[in-house]
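Scroll down for the structure; my scribbles are underneath it.
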Amino acid sequence: MTETPCGAPLARHHSGLRWQEWLVGQALPLWAQAGFDRATSLFHERLTFSAAPQAVPALRLMVQARQIATYCRAAAEGLYGDGEKALRCLATIERLYHRRDDEAGWIFSLSPTLEALDTKRDLYAHAFIIYAYHWAFRLSGDVVYYRKARETLRDVRQIFADAGDGLRGAFPGKDDVRGQDPIMHLLEACLVWMPHAEHPDFQEQADKLARLALTRLIDNATGMIREYFDASWRPLQVEGKNHIEPGHVFEWSWLLRLYARLTRDAAARRPVEDASTRLFEAGQRFGLQDGGVIDAIRETGAPMSRNMRIWPQTEFYRLLTVLRHDTAPEAADRMKIEAAMQNVTNLFFTRFTTGAPEGGWVDRIREDGSGGVDHMPASSLYHIYGAATAG
């Protein structure tokens, strides 16, 4: 048995065993060893297909936070024992990124020589710092990580303040464009804290973000979630022309289902559950090709890009695992879900790991079947871990 982030036990499906064995036996060792720079106590952004670090012009806060969270979580859940390395990296990024320019919050990136490179504040990265602090707390039991997570959430509310329930994605940044992606990950960060938080601030923030999703982000006509909005959180393009990523459709479906389990607002549960179901159905109807999740569509369902990246496959698999265990679906529905799980598993291990070193992956595949990049990004491990431990 394993557990979801909210503590619900899951019986493991046979395809899930394959994912977890690969994760624990190959992926986590690769990225903890070849993917970690012992000289700086930071994680590498990328590895080549020879499992060597690839030079990059910037070391982003988001990548460090994701890797810290993943390895703290793996240690806390008893899957892989490199938690001390992750905690050491967390102490390093606190020194190098937090208030580096003496202003509130965390800077976006460092140069390869560890100088401050981009000092903008990025909501996406701040969300993952809050998320990383949760898993550091779960691993160590040290309440200082809880206090720092709350401090970061207070900074988020100050730095990225916007009209209504929304938050800006960056500061300084464009005044006329908003995105759903950082909102989604801040909701995720709040949700993992909610069962462990003594104060209501994570619950209150999660309520605002869920309300924003239901009232602004999700298209009532199609049930899908748009990517980009104007400063008033209206769709950025005219109806039928807006960018939708099926991977995020599935990711939001999973998150809203988790929110419905955790929220103390009983009246919010049914509309959130209904929205989650509609997202799943819309993603399945329009976002799949040959069992895999394509990159982008419009609200009409018309494909914008039939290329595939690895992370949408993991989000689809994780959601399928949760649905397999939720509310005992009819036998026919259960068989469809399990067949979809097996299809994604086959795609993952025949297309996305072929040609990569043990524990590595091909991050994107073009429509013609060719690979789209010459490296493996570390940031995908967070998504893979979520799928591999879900079922």
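The values are calculated or read from the model by the stated rules, or taken from the named source; none is laboratory data. What you see is a predicted model, and the numbers here were worked out from it, not measured in a lab. Ideal geometry is used to build each Cβ from the backbone, glycine not excepted, and the neighbour counts take in all protein chains shown. Side chains are part of the model used for accessible areas, which takes the heavy atoms of the whole protein and leaves out ligands, DNA and RNA. Shrake-Rupley method; radii C 1.70, N 1.55, O 1.52, S 1.80 Å.
So here's what we get for this one:
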quantity	calculated
Out of 30, 23, sole residue that is over 20 Å from the mean Cα position of the chain (by Cα), at pLDDT 95 or above, closer than 17 Å to residue 74 by Cβ and open to solvent by less than 30 Å² (accessible area, probe 1.4 Å)	30
Top-ranked residue of the stretch 283-329 - restricted to ones that are touching a strand residue (DSSP E or B) at 6+ places or on another chain (Cβ under 8 Å) and of a type in the set (Phe, Trp, Tyr), ranked as least open to solvent (accessible area, probe 1.4 Å)	316
Some residue of the stretch 258-274 being part of a loop (DSSP other than H, G, I, E, B), out of contact with any Phe, Trp or Tyr (no Cβ under 7 Å at 6 or more places or on another chain) and open to solvent by less than 20 Å² (accessible area, probe 1.4 Å)	yes
Filtered residue count, the stretch 215-236, keeping only those that are open to solvent by less than 30 Å² (accessible area, probe 1.4 Å) and not aromatic (Phe, Trp, Tyr)	8
Filtered residue count, the stretch 134-153, keeping only those that are among the aromatic types (Phe, Trp, Tyr) and either modelled with pLDDT under 95 or under 15 Å from the mean Cα position of the chain (by Cα) (or both)	1
Number of the condition not met by residue 383 [criteria: (1) open to solvent by less than 20 Å² (accessible area, probe 1.4 Å); (2) touching a Leu at 6+ places or on another chain (Cβ under 7 Å)]	(2)
Those residues of the stretch 127-154 which are more than 16 Å from residue 91 (Cβ to Cβ) and open to solvent by less than 10 Å² (accessible area, probe 1.4 Å), in sequence order	127, 128, 130, 134, 153
The stretch 347-378, residues that are surrounded by 16 or more Cβ atoms within 10 Å (Cβ to Cβ), in contact with an Asp or Glu (Cβ under 7 Å, 6 or more places away or on another chain) and either within 16 Å of residue 306 (Cα to Cα) or of a type in the set (A, V, I, L, M, F, W, C) (or both)	376, 378
Selection from the stretch 330-346 of residues that are open to solvent by 10 Å² or more (accessible area, probe 1.4 Å) and in contact with a helix residue (DSSP H, G or I) (Cβ under 6 Å, 6 or more places away or on another chain)	337, 340, 342
Qualifying residue in the stretch 46-59 (condition: over 16 Å from residue 128 (Cα atoms) and free of Cβ contacts under 8 Å to residues at least 24 places away in the same chain)	yes
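For every residue, the table says whether it meets (1) open to solvent by 50 Å² or more (accessible area, probe 1.4 Å); (2) under 22 Å from residue 247 (Cα atoms); (3) touching a helix residue (DSSP H, G or I) at 6+ places or on another chain (Cβ under 7 Å).
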position: 156; (1), (2), (3): no, no, yes
position: 161; (1), (2), (3): yes, no, no
position: 166; (1), (2), (3): no, yes, yes
position: 173; (1), (2), (3): no, no, no
position: 178; (1), (2), (3): no, yes, no
position: 181; (1), (2), (3): no, yes, yes
position: 186; (1), (2), (3): no, yes, yes
position: 198; (1), (2), (3): yes, no, no
position: 205; (1), (2), (3): no, no, yes
